[in-house]
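Scroll down for the structure; my scribbles are underneath it.
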Amino acid sequence: MLFRVITLSIVFAAIILSRFIVDRGLQALYWLIVFLLTVSVGNIYMTFNYYIKLRNSPGVKGERGDPGPKGQKGSNGVCTIDTSCGSIQNCHDFTEEIFMVQLPEYSRVVDKRNRDIKLNAEDLRILSQVNEYFEMIKSACESGRYSQQELRDKVKKSLE
């Protein structure tokens, strides 16, 4: 619809302007220019229309390309992420588990907190002390230098 309106407008304007050209040679050149203008406008219109129509639709999936060059050899590294190596995945849960076993009063406070029972001053003091102790051993735990058993033994020794 828009293309027809634009084309008819160009033709209408061209007919009006051609009345002012008297020389036959210039008039032929004029109509050639009008024809080229119409073709160019049509080309621009079809380009935009085609782009708008296809911009969001995915294309046809092609063949898989050739494999790229092999990368550089990595370092041997240290096994700190694989759980089979005995590394600690979640330091907070790991140390809290140790505290629950080693400190019965901490276990009682956590149980109260989980049941939404209001903690008294003594409970808050115990919780504060355990949190301070946790912050002290957190860096050793997160460093990955110790296995689970090594860190458990260190914490147990320090709590005795």
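In summary, LEU29 fulfils each of the numbered conditions (1) exposed (fewer than 10 other Cβ atoms within 10 Å of the Cβ); (2) at pLDDT 85 or above; (3) of a type outside the set (Gly, Ala, Ser) with the single exception of condition (1). Which members of the stretch 111-126 meet the condition of being aliphatic (A, V, I, L, M) and either outside any helix (DSSP H, G or I) or under 16 Å from LEU159 (Cβ atoms) (or both)? If the condition is that a residue be aliphatic (A, V, I, L, M) and either outside any helix (DSSP H, G or I) or under 16 Å from LEU159 (Cβ atoms) (or both), then ILE117, LEU119, ILE126 are the ones that fit.
Report yes if SER107 is in a helix (DSSP H, G or I) and at pLDDT below 85, otherwise no.
Yes; evaluated as a whole, the condition is true for this residue.
Against the list (1) more than 38 Å from the chain's Cα centre (by Cα); (2) on the phi > 0 side of the Ramachandran plot, the condition GLN129 fails is (2).
The values are calculated or read from the model by the stated rules, or taken from the named source; none is laboratory data. Owing to the predicted nature of the structure, the values given are computational and were not obtained by experimental measurement. All Cβ positions, glycine included, derive from the backbone under ideal geometry; neighbour counts span all protein chains shown.
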